[in-house]
Amino acid sequence: MPLPPAPAKRAALLNPTAFHQTADAPQIDLPDVPVAAQRQTPPAVAETGKTKKTHPRTSEPASARGPARRAPAPAAPQAPTPVPVALSQPQTLRTSEPPVVAPTTELRSKPAPDTAPVRTGAPSARRRSASRTDKSAPTRLFVLDTNVLLHDPTSLFRFEEHDIFLPMIVLEELDGHKKGMTEVARNGRQTSRTLDALVAQQGGDLVKGLKLSATGHQTARGQLFFQTEPLEHALPSSLPQGKADNQILGVVQALRERHPSREVILVSKDINMRVKARALGLAAEDYENDKTLEDGELLYSGALALPQDFWTRQSKTIESWQSGSHTFYRVSGPAVGQFYINQFVYFEAPGEPSLYARVTEIRDKTAVLKTLKDFTHLKNAVWGVTSRNREQNFALNVLMDPEVDFVTLTGTAGTGKTLMALASGLTQVLDDRRYTEIIMTRATVSVGEDIGFLPGTEEEKMGPWMGALDDNLEFLAKGDGGSAGEWGRAATNELIRSRIKVKSLNFMRGRTFLNKYVIIDEAQNLTPKQMKTLITRAGPGTKIICMGNLAQIDTPYLTEGSSGLTFAVDRFKGWPHGGHITLARGERSRLADYASEVL
């Protein structure tokens, strides 16, 4: 069997001490080398103690093959010859595993050249992707500000495999916010209970860190660290040392110096806090795990325009049938993948009949569309109110459907959200007797300065907040234009008022509404937790309508992406008993429409 040529060229370029390296030599991360370059010479052989290394292709010891296998003395300098990168550096020789070479047949059929091109440049894509997913890379350390815990008590479990550090001043501030009945106080108490459960875990050590998954949150794979000792830090003398924000910044600075190999990041909802941190060269981020959507433009609108060639594509697979006053269509095709249950679809094209329908069923790649009731016609008026545009017609269809228990309406000012919700409620309470009464509430967040405490009962205190209710009731109570006379209008107003209850959000916890028509106005100012509290009050036979304008959020720390209304719209889309529509066009007046566009 022929042996490979003697490694004369390689031995001439290798350091003679490379043959005497031990297994303790440092490992060198080498770039990928072509297989041909690896085959041109066999790996070096070493002897340690009594163990003799055999040639990989023969059973005889390496020493039996004579001195031809040993490296000669370094030759005189000669013209540079290209050599592989893997051979230009000393290699670590291991005696525990035999070197592996390609089969003999491959060596015979494809002889390797004497030299191989040198590899330069960036590593391969495979090497880069492997470095990104390296599990041995240190996880990040997040330092939480107090306002993050008061905003979201579950924020401790939202950082996946990364660790969390709580400065001592944060615990001190939590203790100062635990009293009261406000949402901030409740969140503070819940955070304190969560921390107590984590500290009480079996085998926990405050110094070494507490496992965040000990309380059942399996997605939190990191650890929680408390500040158990003073941390030395050097902040500019212009920052007051006694202020809590500056103390937290000092902790972040000290942690970064103590753990130079880890990325230490401050998480705060306070914009000024983040600006100061970045000015000091510290990493700071906003808490964004509570955001349902990063971009408000991606919010589910509830309506979808069918493509212009919809009927042409579906002409061979469409089925239609009549049931009462509605027509049903069973369609299939690629467009079905964009449908949700109770989503409105419409087809409008010049010279062709329009279609306005709602998706009632989706199975695999087949959907059933049900035509809508036309509320633009006066004969279908709801308490004297008719729809003036396409989206209002969609909204009245879902508001008047007894099979829909939860409705969300979004849109700018003057789109008719409150008017349509009240008209639908009065019709179903007084005419259809479907519900016993209307309960209306809203978030009491002031646009400007607070006017102080208000006298009277709960409904009297809520009176100033219910101006929209009074304005719409005044319009709805006109009836048929005042032909009933003054006494008739007074009786109608008295009847309407007797079936409408105005309640405050502060007293909703623990209640259960049976056969009620609940309207939640200005829902964009609610947090996801408050929204959950209100929706879970619904008992059998209750319908809840949430309305709001996401462009008019007055609650601190809330944005379009983290509002409770956005949260509800995104979570309920596709539910068979829920519906949503975004009202696009204002119908209040030409002045209001123009102001909403230019101001």
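The values are calculated or read from the model by the stated rules, or taken from the named source; none is laboratory data. What you see is a predicted model, and the numbers here were worked out from it, not measured in a lab. Every residue, glycine as well, gets a Cβ built from its backbone with ideal geometry; the counts of neighbours run over all protein chains shown. Only protein heavy atoms, including side chains, enter the accessible area calculation; ligands, DNA and RNA are left aside. Shrake-Rupley method; radii C 1.70, N 1.55, O 1.52, S 1.80 Å.
Figures for the structure shown
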| read-out | value |
| --- | --- |
| Pairs from 179/516; 178/417; 373/573 whose Cα-Cα separation, in the structure shown, is over 27 Å | 179/516; 178/417 |
| Mean Cβ count within 10 Å, highest first, over the residues of peptides 153-160, 404-411, 493-500, 237-244 | 404-411, 153-160, 493-500, 237-244 |
| Accessible area in the full protein assembly, largest first, 1.4 Å probe, for 526, 514 | 514, 526 |
| Distance in nm between pseudo-label sites at residue 551 and residue 185 (7 Å out along the Cβ direction from Cα) | 3.7 |
| Inter-part distance where the range 142-158 and the range 207-245 are each reduced to a Cα centre, Å | 12 |
| Net length gained if the chain between residue 239 and residue 200 were fully extended (0.36 nm per residue, minus Cα distance) | 10.4 nm |
| Dipole moment magnitude, nearest 20 debye, the range 219-305 about Cα centre, only Lys, Arg, Asp, Glu C-beta charged | 300 |
| Exposure of residue 311 as accessible area (Å², to 10), given a probe of 1.4 Å and all protein chains | 70 |
| Residue-normalised accessible area of the range 266-398, expressed per residue, 1.4 Å probe, Å² | 54 |
| Neighbour cut-off at most 16 other Cβ (10 Å), DSSP loop, trypsin sites (Lys or Arg not before Pro), the range 334-370 | 365 |
| Hydrodynamic radius (Kirkwood) for the range 491-599, which is based on Cα pairs only, to one decimal in Å | 16.0 |
| Whole-Å distance, taken between Cα centres, linking the range 545-571 and the range 370-448 | 20 |
| Gained length - residue 217 relative to residue 291, 0.36 nm times residue gap less alpha-carbon distance | 24.7 nm |
| Gain upon complete extension [residue 437, residue 298; 0.36 nm per residue less C-alpha separation] | 46.5 nm |
| 18 Å Cα-Cα threshold exceeded, pairs from 211/532; 316/365; 269/291; 269/532 | 211/532; 269/532 |
